[in-house]
1. Of everything in region 313-326, what is over 17 Å from the mean Cα position of the chain (by Cα) and either among the polar types (S, T, N, Q) or over 11 Å from A347 (Cβ atoms) (or both)? Give them in sequence order.
2. From the list K232, K289, exactly one residue is crowded, with 18+ Cβ neighbours inside 10 Å, of a type in the set (K, R) and closer than 25 Å to Q132 by Cα. Which is it?
3. Considering only residues that are touching an Asp or Glu at 6+ places or on another chain (Cβ under 9 Å) and small (G, A, S), look in region 131-174 and name the one that is surrounded by the fewest Cβ atoms within 10 Å (Cβ to Cβ).
4. Here are some residues: V283, V311, V381. Which one is surrounded by 21 or more Cβ atoms within 10 Å (Cβ to Cβ) and not in a helix (DSSP H, G or I)?
5. Being of a type outside the set (K, R), at pLDDT 95 or above and either in contact with a Phe, Trp or Tyr (Cβ under 6 Å, 6 or more places away or on another chain) or within 19 Å of I249 (Cβ to Cβ) (or both): is that true of G351 here?
6. Would it be correct to say that D143 is assigned to a helix (DSSP H, G or I), closer than 17 Å to A347 by Cα and either in contact (Cβ under 8 Å) with a residue 60 or more places away in the chain or among the acidic types (D, E) (or both)?
7. State all residues of region 20-41 that are assigned to a helix (DSSP H, G or I), among the hydrophobic types (A, V, I, L, M, F, W, C) and farther than 22 Å from E153 by Cβ; if no residue qualifies, say none.
8. Would you check which residues across region 292-303 are surrounded by fewer than 22 Cβ atoms within 10 Å (Cβ to Cβ) and either in contact with a Leu (Cβ under 6 Å, 6 or more places away or on another chain) or more than 30 Å from G129 (Cα to Cα) (or both) and list them?
Amino acid sequence: MKKVIMGNHAVSYGVRASEAQVISAYPITPQTHIVELLSEMCGNGEINAKFIKVESEHSAMAACIGASAAGTRAFTATSSQGLLLMHEMLHWAVGARLPIVLANVNRAVGPPWSIWTDQNDSLSQRDVGWFQIYCESNQETQDTVPQAFKIAEQLQMPVMLVLDAFFLSHTYEIVDIIEKEQVRKFLPPYNPEIKIDTKDPHSFGNLAGPDMYMELRYMIQEAMEKGLDVIKKVDDEFREVFGRGYGLIEPYRCDDAEIILVTSGTVASTTRAVIDAMRGEGVAIGALKIRVFRPFPFEEIFAVLSKAKKVAVIDRNISFGCHGIFFQEIKSALYGRTDIPVLGYIAGLGGRDVTPGVIREIAENAISNKNPERYINWIGVKR
């Protein structure tokens, strides 16, 4: 069945098809539609789940932690300041190895107050230990939800799927709706071996001394490193059932490209249109979309970018006092293995449009730029 739905509702339908058992959330623009629809689905019986209303996002994640530790499939959603308020609990979910799925609708962080999109909310959590998957379309957003649950449950690690505020969350597109019966072939019921059970008691979240703590952190890193292969396998399995797959990264016209633009989220769609136009003008240019940010797919990215003569990274974020965050990661993927110049561009903060004209300006600047050591190039700033 195909429906014209907003990106937020694409998340809701993905959660419905994944048969989440506990949903806990606090409303915050622009993610509110996700949990509003899920609350209706819980109320009318479309989902056999407990919907927990809480007083804050910190409590929403705490409720999911308890539910997941009890052996249920748990989900929540948030944005911006809500994600920041969850920060302490995000650490607890990772350390407790709980396969919670969180949908974060990228929204700029205040002050000044903003409800529009950029990636600083999710990327400020990059070192917490959550998997992060960035979605480009409403279809990909829906399809990523059951993938996220399967990845999380296989690795006993939490997964965050991320979508742009308004450009996806409130924008309507045609989505091929997945149903529970189909998803059951792909995503088995969640039944962990160890869970809170009075008949089989265990200790959870206890004190770990210096003789044990480091080993537990090593195990989290091991799970992250295994994650790339698990994500690829899960994506292949999803493609077998539904005919669609998304991969870790998505190269576009990169094989013979002399310059490659690196993007994420909805900017990837705009960039492809510019690539096609510039190819028609004889420019050897390509694009690389980063879908999976944590764990970071170093080898896959190097395999694509190492063929180019120059790389330009478009960041809808900024690490103040440093550079764009995707730029930092791309530099680390190439460091010591190639001398390809990498240029960083900041664009689209606070929901400012990244139009085809902006993409072309970045591409033309990168082609002509003789000063690649300048790592921060601000596009569209009114000086």
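1. Those that are over 17 Å from the mean Cα position of the chain (by Cα) and either among the polar types (S, T, N, Q) or over 11 Å from A347 (Cβ atoms) (or both): S319, F320, G321, C322, H323.
2. Numbers: K232 fails: crowded, with 18+ Cβ neighbours inside 10 Å.
The match here is K289.
3. The extreme case among them is S137.
4. Working: V283 fails: surrounded by 21 or more Cβ atoms within 10 Å (Cβ to Cβ); V381 fails: surrounded by 21 or more Cβ atoms within 10 Å (Cβ to Cβ).
So the residue among V283, V311, V381 that is surrounded by 21 or more Cβ atoms within 10 Å (Cβ to Cβ) and not in a helix (DSSP H, G or I) is V311.
5. On the way: of a type outside the set (K, R): yes; at pLDDT 95 or above: yes; either in contact with a Phe, Trp or Tyr (Cβ under 6 Å, 6 or more places away or on another chain) or within 19 Å of I249 (Cβ to Cβ) (or both): yes.
So G351 passes the test.
6. Working: assigned to a helix (DSSP H, G or I): yes; closer than 17 Å to A347 by Cα: no; either in contact (Cβ under 8 Å) with a residue 60 or more places away in the chain or among the acidic types (D, E) (or both): yes.
In short, no.
7. First, the residues of region 20-41 that are assigned to a helix (DSSP H, G or I): 32-41.
Next, only the ones that are among the hydrophobic types (A, V, I, L, M, F, W, C) stay: 34-35, 37-38, 41.
Answer for region 20-41, where residues must be assigned to a helix (DSSP H, G or I), among the hydrophobic types (A, V, I, L, M, F, W, C) and farther than 22 Å from E153 by Cβ: just L37.
8. Selection gives P295, E300.
The values are calculated or read from the model by the stated rules, or taken from the named source; none is laboratory data. Bear in mind the structure is a predicted one, so any value in this text is a computation, not a measurement. Positions of Cβ are generated from backbone atoms using ideal geometry, with glycine treated the same way; all protein chains shown enter the neighbour counts.
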